[in-house]
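Every number here is computed from the coordinates shown, using simple stated rules; none is lab data. Everything numeric here is computed off the predicted structure, so don't read it as measured data. With ideal geometry, Cβ positions are generated from the backbone for all residues, glycine too; neighbour counts draw on all protein chains shown.
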Amino acid sequence: MDSAGDRRGDLRIAAGGRIAESGPHLPARPGEEVVDASGLLVVPGGVDAHTHMQLPVGSVRSSDDFASGTAAAAVGGTTTVVDYVTAYRGQEPLAALATWQRWAEPAAVDVGLHMTLTEAVPEAVVAACVEKGVTSFKLYMAYPDALQVDDGVILQMMQATGRHGGLVTIHAENGSAIEVLRRQALAEGRTGVVEHSRTRPAVLEGEAVGRAGALAEVAGVAVYVVHVSSAPALAAVRLARARGVDMMAETCPQYLHLSVDSLAGADGADYVCTPPLRDAWHQEELWEGLARGTIHTVATDHCPFTTADRRAGTGGRAGGWSDFTEIPGGLPGVETRMALVWDGVRRGRISVADWVRLCSEAPARTFGLWPEKGSLAAGADADVVLWDPDACQRLDAAALHMRTDHSPYAGRALAGWPRLVLSRGRPVARDGAFVGEAGWGRYVARHPRPGARG
Ligand SMILES: [Zn+2]
């Protein structure tokens, strides 16, 4: 099925790894292998538009590389990831892109890349990125030390990317205000894990989303807000959309399933991510946002760490982290996304069609991967998932393939997991096991958005 609705039918895959045709009762031709999908849903492979494989974070690095992370993605039904390149201040974006492209060579499924800019760049650099298939540009409103840019840079880069068919994605938190709260916490001796969340209140996420909407309105461009985590942020998205701003919002499974209570436990450091986990009631609002279309996509912000690296912290200290600002932030998720969103289908919060749209079609369309990805139409890449709605999957780290020794969903089991996953026609996962190979994945040059100057 696709997001248009579900129907019975067959799919024919051509030797080149594309979908040849679909329809009811396609007759098998001599030499063709027939896969019986009765009782299963046949859906386009998942597109995870927000990952951080092998990302350096201070003295540690996210623990999945492109080979392990994309193998795990495949097992969970995701056949394309779009990872974030970072061009740090003073670094050439195209040089950073070349580094990430090299890192991505061992990927097991297809990979696209976004560009993170940490300062204004000449418009020719934007044009060169788009030329290389990097059509989205992330800007941070937080992390003044290394990543944050001011509103002027955001406006300028929105105008420049808009002229070249690019899309700005925004990390929306008021970084300058958060920095003050963090310094105050440390000065007052409040150094524990839970301060990570107390110093990043939801209202400062909402404020930043509102500001991003205003800047996009002035620039006359679309804008995409990554990892919306809270009701104030969602309200700001709604407000911007209501006055005609083309604002798209992404959320992540951790904000739909986990709450700030996890930070209070003995293993609280394992739940540090940014934006932080919120009070549980925000989850209801986010599910509502998914059902109503206020939230456009579900991605993961996949950025796992080993327990050892979490304890060590980003500061390179012998005794491990000394306060909450040194805990590496990010959660594993690339493997469990499809199932954690499917859980919303089982609980009646969203429809099956919503699930396909949120996890595959919308991210493919938004990020210039359509119609090759996120579609089962003739001509699309044969990235196909045979989804068993009743297959039971445990979410403990040992039952999963992401390269980390802890799971934020440990002890939980979900119904719904892929039976078979194809990447361009080739099986890459079967019954919860990875059957693909490192290096099968290709770098995907993404299309510019329509209306670009060219
Ligand atoms: Zn991220």
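In this label model, Arg317 and Cys392 are separated by 4.4 nm, measuring between points 7 Å along each Cα→Cβ vector. Computed from Cα atoms, the angle from the helix 175-187 axis to the main principal axis of the chain rounds to 60 degrees. Evaluated with a Cβ-only charge set (Lys, Arg +1; Asp, Glu -1), the chain carries a dipole of roughly 520 debye about its Cα centre, given to the nearest 20. Computed from label points 7 Å out along Cα-Cβ, the spacing between Ser176 and Ala308 is 4.2 nm.
Peptides 72-83, 19-30 ordered by packing proxy, namely the average of other Cβ atoms within 10 Å per residue, highest first: 72-83, 19-30. Ellipticity at 222 nm from helices only: DSSP H runs of n ≥ 4 in the chain, each -39500 (n - 2.57), divided by the residue count, give -8500 deg cm²/dmol.
Shown is the FRET efficiency for His25 and Glu105, computed with R0 = 30 Å from the Cβ-Cβ distance and rounded to the nearest 0.05: 0.15. Computed on the chain, with alpha-carbon pairs under 8 angstrom and 6+ residues apart, the relative contact order is 24 percent. Each Lys and Arg contributes +1 and each Asp and Glu -1, all at the Cβ; summed about the Cα centre of region 1-143, the dipole is approximately 120 debye. Restricting the GluC sites (Glu not before Pro) of region 181-245 to loop positions (DSSP other than H, G, I, E, B) with no more than 14 neighbouring Cβ atoms within 10 Å leaves Glu188.
Residues whose amide H falls under 5 Å from that of Asp405, counting only those 5 or more places apart or on a different chain, are Thr307, with hydrogens built in the peptide plane.
Legend: Rg and Dmax of region 284-415, from Cα coordinates, 17.7, 57 Å.
Please report how far the C-alpha centroid of region 25-39 lies from that of region 114-160, rounded to the nearest whole angstrom. Their Cα centres are 47 Å away from one another. A Förster radius of 25 Å combined with the Cβ-Cβ distance from Ala445 to Ala14 puts the calculated FRET efficiency at roughly 0.70. Our compactness index for region 30-141, the C-alpha radius of gyration over the empirical 2.2 N^0.38 Å, is 1.30.
Projected label points at Arg347 and Tyr143, each 7 Å from Cα along the beta carbon direction, are separated by 3.0 nanometres. Convex hull volume per residue, computed on the Cα atoms of region 150-289, equals 101 Å³. Ranking Leu340, His406, Gly316 by how far each Cα lies toward the positive end of the dipole of region 277-423 (charges on Cβ) leaves His406 at the top.
Using just the C-alpha positions of region 282-330 as equal point scatterers, what log10 of I(q)/I(0) does the Debye formula give at each q in 0.19, 0.26 1/Å? Debye output, listed in q order: -0.67, -0.87. Length gained on full extension, Arg243 to Glu131: 37.1 nm, using 0.36 nm per residue less the C-alpha separation. Over the chain, the hull volume per residue, using the convex hull of the C-alpha atoms, is 132 Å³.
Dipole of the chain computed with +1 at Lys/Arg Cβ and -1 at Asp/Glu Cβ about the Cα centre; of Phe434, Val75, Thr297, farthest Cα towards the positive end is Thr297.
Net charge dipole, region 304-454: roughly 380 debye, given to the nearest 20, about the Cα centre with Cβ charges of +1 for Lys and Arg and -1 for Asp and Glu. Calculated FRET efficiency, Glu437 to Thr191, Cβ-Cβ distance, R0 = 35 Å: about 0.15 to the nearest 0.05.
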